[in-house]
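As structure tokens, the structure follows; a few thoughts come after it.
The values are calculated or read from the model by the stated rules, or taken from the named source; none is laboratory data. Keep in mind that what you see is a predicted model, and the values were worked out from it rather than measured. Here Cβ is always computed from backbone atoms with ideal geometry, including for glycine, and neighbour counts include all displayed protein chains. Just so you know, the surface numbers come from the protein's heavy atoms only, side chains and all, with ligands and any DNA or RNA stripped out. Shrake-Rupley method; radii C 1.70, N 1.55, O 1.52, S 1.80 Å.
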Amino acid sequence: MGSMDLEMFGGLKGSFINLLNDVEAISNHYSSDIPVSEEFKNLISTTISELSSSMFIVAVVGVIKRGKSTLLNALLETDSDILSVKVTPETA
């Protein structure tokens, strides 16, 4: 993933956060006119918090010995493998 891709992702993420902030503001401002559930408000707030964080979770699952570790090593772009890619199945 190049720096241009990361910049595009950051821009899209920022735009989405701004949109959610607008939805949150509208739902708070018009809550007396339009019934807005607390669950919805909490969901919007939680989503904004999670998107604003620079941390995210990635899960890679699949059948044993099908290239999951090789894929992750390639995505990490390091000089040496971080995850083992030995012939015998193992958990790293």
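Using a ≥ b ≥ c from the Cα gyration tensor of the range 42-92 (square roots of the eigenvalues), is it rounded, prolate or oblate, where a/c under 1.5 gives rounded and otherwise the larger of a/b and b/c decides, a/b for prolate?
It comes out prolate by the Cα gyration axes.
Would you mind checking the tilt of helix 3-29 against the longest principal axis of the Cα atoms of the chain, expressed as 0 to 90 degrees and rounded to 10?
That helix lies at roughly 30 degrees to the long axis.
Could you do me a favour and compute the accessible area per residue for the chain, 1.4 Å probe, result in Å²?
Result: 84 Å² of accessible area for each residue.
Can you give the angle from 0 to 90° between the axis of helix 38-52 and the longest principal axis of the chain, with both taken from C-alpha atoms, to the nearest 10?
Computed tilt is about 50 degrees.
In debye to the nearest 20, how big a dipole does the chain give about its Cα centre with +1 on each Lys and Arg Cβ and -1 on each Asp and Glu Cβ?
Value, rounded to 20: 500 debye.
Just the projected area, averaged over all directions, of the convex hull on the alpha carbon atoms of the chain: how many nm²?
Here the figure is 8.7 nm², rounded to one decimal.
Heavy atoms only, probe 1.4 Å: what % of the accessible area of the chain goes to carbon and sulfur, would you let me know?
Carbon with sulfur: 62 percent of the solvent-accessible area.
Taking the chain as a Gaussian network, Cα atoms linked when under 10 Å apart, which of Leu75, Leu12, Leu51 shows the biggest mean-square fluctuation?
Leu75
Toward the positive end of the charge dipole of the chain, about the Cα centre and with charges on Cβ (Lys, Arg +1; Asp, Glu -1), which of Pro35, Asn21, Gly67 goes farthest?
Gly67
Would you mind calculating the gained length between Leu71 and Thr46 on full extension (0.36 nm times residue separation, minus the Cα-Cα distance), in nm to one decimal?
Net length gain for the segment: 5.9 nm.
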